[in-house]
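Please treat every number below as a calculation from the coordinates, not as lab data. Since we're looking at a predicted model, the values are computed, not measured. FYI the Cβ positions are ideal-geometry reconstructions off the backbone, even for glycines, and counts take in every protein chain you see.
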Amino acid sequence: MRQAEVSRNTLETQITVRLNLDGTGCAKLNSGIPFLDHMLDQIARHGLIDLEVEAKGDLHIDGHHTVEDIGIAIGQALTQALGDKKGLTRYGHAYVPLDEALSRVVVDLSGRPGLEFHVDFKRAMLGTLDTELVHEFFQGLVNHAFITLHVDNLRGENAHHQCETVFKAFARALRMAVSPDPRTAGVIPSTKGAL
């Protein structure tokens with residue numbers, strides 16, 4: 001089983017993440033930011049990843065440190081769970097609609113962190129989540145998972161729909177990328193021989 005547990009403790013946040021890439025989509029989430037929990041639930045459910053997040057952060061200041069550090073911890077857990085990446089599909093992509101909104105996410109388990117994030121949210125806040133922090137979440141995740149991620153909201157007028165399509169598309173793209181490819185069992189999917 002491809003599982004990991006990561007704890008991140010700083011003067012700003014105390015976070016524990018547990019994930020299982022071969023799960024069934026179960027989630028146990030307590031970030032202190034209800035809308036973020038709703039989005040993390042999309043990652044679990046649509047990525048078929050069992051995900052637990054327990055976080056205490058300096059939310060009396062704002063959500064920045066908590067959201068970014070959860071992204072970092074999930075990225076670190078992904079790195080651990082993926083191991084040497086032998087036999088994986090490596091690439092994943094997904095288009096996900098929700099009513100008028102449509103997002104595309106493409107992922108490469110490249111070993112190189114890179115984020116292209118193109119989402120023009122139609123409002124600044126979703127519950128208590130500042131929409132600017134969605135970028136910070138994914139930046140922290142890709143920096144510590146060592147993946148390349150392209151996120152494009154192609155259309156959308158409702159910020160909730162925009163955000164949800166991004167997280168669902170990320171989940172589906174990640175699910176594809178981490179899936180075993182039986183034709184490459186035991187082989188790292190790169191001409192370099194390393195990811």
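Summary table below
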{"read-out": "Inter-centroid distance (Cα atoms) of segment 115-150 relative to segment 64-92, Å", "value": "15"}
{"read-out": "Where trypsin sites (Lys or Arg not before Pro) fall in DSSP loop in segment 96-195, at most 13 other Cβ within 10 Å", "value": "ARG123, LYS192"}
{"read-out": "Taking the chain and dividing mean pair separation by its residue count, relative contact order in percent (alpha carbons under 8 Å, at least six apart)", "value": "27"}
{"read-out": "Segment 85-195: C-alpha gyration tensor shape, a/c 1.5 cut-off, then a/b vs b/c", "value": "prolate"}
{"read-out": "Sequence-distant aspartates and glutamates (8 or more away, or on other chains) whose Cα lies within less than 16 Å of LYS86", "value": "ASP22, ASP108, ASP181"}
{"read-out": "Bins of 5 Å from zero: percent of alpha-carbon pairs in the chain", "value": "1, 9, 16, 22, 21, 16, 9, 4, 2, 0, 0"}
{"read-out": "Of the trypsin sites (Lys or Arg not before Pro) in segment 1-102, those whose Cβ has at most 15 other Cβ within 10 Å and which sit in DSSP loop", "value": "LYS86"}
{"read-out": "Reachable lysines from LYS85, criterion Cα separation under 22 angstrom, eight or more residues apart if same chain", "value": "LYS192"}
{"read-out": "Angle in degrees between helix 159-178 and the longest Cα principal axis of the chain, rounded to the nearest 10", "value": "20"}
{"read-out": "Under 21 Å from the Cα of LYS168 - lysines, other chains or at least 8 residues apart", "value": "LYS28, LYS122"}
